[in-house]
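Notes follow once the structure below has been shown.
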Amino acid sequence: SPSIPPPTRLYLPACSSLSKDASKTRSFSWVSANRSSSQTKEALQSRRVGRKMISLPRKCGSVFVLSAVVTLLQLNMVGAHVTMVCSATHKDRIGETTFFLGTYKHGNDMTSTVNGQIHITPPSGVTQQHSFTTTCSTGLIPYTATTEQVINSFRSFADPYVFGGHNNTACKNIKGHEGQNLVKSDSQISCYLAHPNPPDDFEWGLPEYRGNSLPYCLGSKTFDIGVWWVAPVYGTLPGTYKLEVKNADVELQPGLNAPCCMETSANRYGGGSQKGAAVYMGVSTSKFGSACLTDVPDSVLTNAQNAKPTTCDGSMYTIESGFVCPIVCNPGYRAIGNLICDNGRWTTESFKCSNAPTCSLPSTSNSNLDSALDTGIIGVITSEGCSSITESGTHCYYTCSGNRTGLGQIQCNPDTKWTSGNGYEGCATLSCALNPPPLMCKSTLAYTTCCASGGP
């Protein structure tokens, strides 16, 4: 089975500088090891599901997040678009998620690589960047396939599949840089729908782990999916991810709806002159710890549409540590944080449906920083009540650009802007030896290692 070589460069904060810099990127360059010279065509019997195409509730308008393995599918026409987005994580691969972007083929032949990159920003705020050089296949996926059918194809399809002039390795046989399978029979796999009630004015994707929902998000056209582009991320945590494709060529143009509209440098399919946009979404990523054996508490589902979601009660599969439960709030309420299985318990303190004023991530680009705050502030550290959407009155530790760390906290105000909070001092270079707050050490796997050498 082919394997993905190690990345040529991996950006990690040095132990001498405990900083979170989202302007830095982890750059990966994957060899297209899954391309075979053999052009033996594998027959595939694909059954179309007797379901009509549905129009997703909202078009993509601005920004979204997501994590793990990303695959892009190409369409059989002049120019191809992202048509489906899924991800996978496994309990044996802590802190790793692979995203899959599905597509149909462009013209009569696929190129071995696609121009551009995908930028994946996990909860830590440190972006990992991937080039498009590796594909895999789950056979031909009908555009009418349900979430459950797509996920089962990731787990079961095992043969090479000729598509777009290339012999593509089955996704379950693709290996990571350490030789491990990126997808296993018991991997936690999700595909993403357009969020029916996103937490803010940006567009969001919502994870689905099984069921009859239709994850096809190209738009009105009906093209079957034949190949996935693969992008693993490492050293991350579960929570809200941001996904953005930049400068891709004609084979990875933006689809009409979220999350397929993540290519930001071109117009969306069927969207006229409307550009694609980055996507935010809750992504499961394996964490250390025990599985959750109890159902989601009733108390956390106040003002939620999907009370007692069956995808989170453990009746369908084991809820491993790092699992993100998809909760949709009632109209007029916004989801604050993510409901995550963390070492055998649900993070009920970090999620709720709220109708109070909220703040988006702090930054000058979002125009939500008080004039007294450091202009280098670029985000918050994910913690209780603090995430991509934060309720007014909450104090949060924050992240800074330029290899600097935020000292003290900032506060979300009722006017939806951020101002100085508890112990605020601004952005500064900070050594682990200066005893940074324990929360900073726990915010990412990289910082845990850093602080162990000199912090608390």
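Over the alpha-carbon set of the range 171-223, divide Rg by the Kirkwood Rh and report the Rg/Rh ratio to two decimals. Don't jump to the answer; show the numbers that get you there.
Numbers: Rg = 15.1 Å, Rh = 13.8 Å.
Radius of gyration relative to Kirkwood radius: 1.09.
Over the Cα atoms of the range 117-238, what Rg and Dmax result, in angstrom?
15.3, 43
Under a crude label model (7 Å from the Cα following the beta-carbon direction), how far is residue 429 from residue 365 in nanometres?
Going from the residue 429 label point to the residue 365 one covers 2.6 nm.
Hey, what's the range 113-188 come to in accessible area per residue, 1.4 Å probe, Å²?
On the way: 2100 Å² over 76 residues.
In whole numbers, the range 113-188 has 28 Å² accessible per residue.
Report, to the nearest whole %, how much of the accessible area of the range 230-291 belongs to carbon and sulfur atoms, 1.4 Å probe, protein only. Before the final figure, lay out the partial values.
Working: 810 of 1650 Å².
The nonpolar share, carbon plus sulfur, comes to 49 percent.
Between the range 351-405 and the range 249-325, what's the alpha-carbon centroid distance in Å?
21 Å
With a probe of 1.4 Å, find how much accessible area the range 245-390 has per residue, and write the answer as a whole number in Å².
Numbers: 5470 Å² over 146 residues.
That works out to 37 Å² for each residue.
Arranged from highest to lowest average of other beta-carbon atoms within 10 Å per residue, in what order do the peptides 222-234, 171-183 appear? Walk me through the numbers on the way to the answer.
Values: 222-234: 26.5, 171-183: 19.6.
Going from most to least packed, we get 222-234, 171-183.
Once the cut-off is 13 Å, how many percent of the Cα-Cα pairs in the range 261-300 end up in the long-distance tail?
On the way: 549 of 780 pairs.
Pairs farther apart than 13 Å: 70 percent.
I want to check the label-to-label distance for residue 291 and residue 152. Put each point 7 Å from Cα in the C-beta direction and report it in nm to one decimal.
So the two model labels end up 2.0 nm from each other.
Among the listed pairs 184/221; 172/221; 91/175, give every one whose C-alpha distance is greater than 20 Å. Let's see the in-between values first.
Details: 184/221 32 Å; 172/221 28 Å; 91/175 16 Å.
In this structure, 184/221; 172/221 exceed 20 Å between Cα atoms.
Given H placed 1.01 Å from N in the peptide plane, which residues other than close sequence neighbours of residue 115 have an amide H under 5 Å from its amide H?
Under 5 Å from the amide H of residue 115 lie the amide H atoms of 249, each far enough along the sequence or on another chain.
The values are calculated or read from the model by the stated rules, or taken from the named source; none is laboratory data. Owing to the predicted nature of the structure, the values given are computational and were not obtained by experimental measurement. Cβ: placed from backbone, ideal geometry, glycine included. Neighbour counts: every protein chain shown. When the accessible area is computed, the model is the full protein with side chains, heavy atoms only, and any ligands, DNA or RNA have been set aside. Shrake-Rupley method; radii C 1.70, N 1.55, O 1.52, S 1.80 Å.
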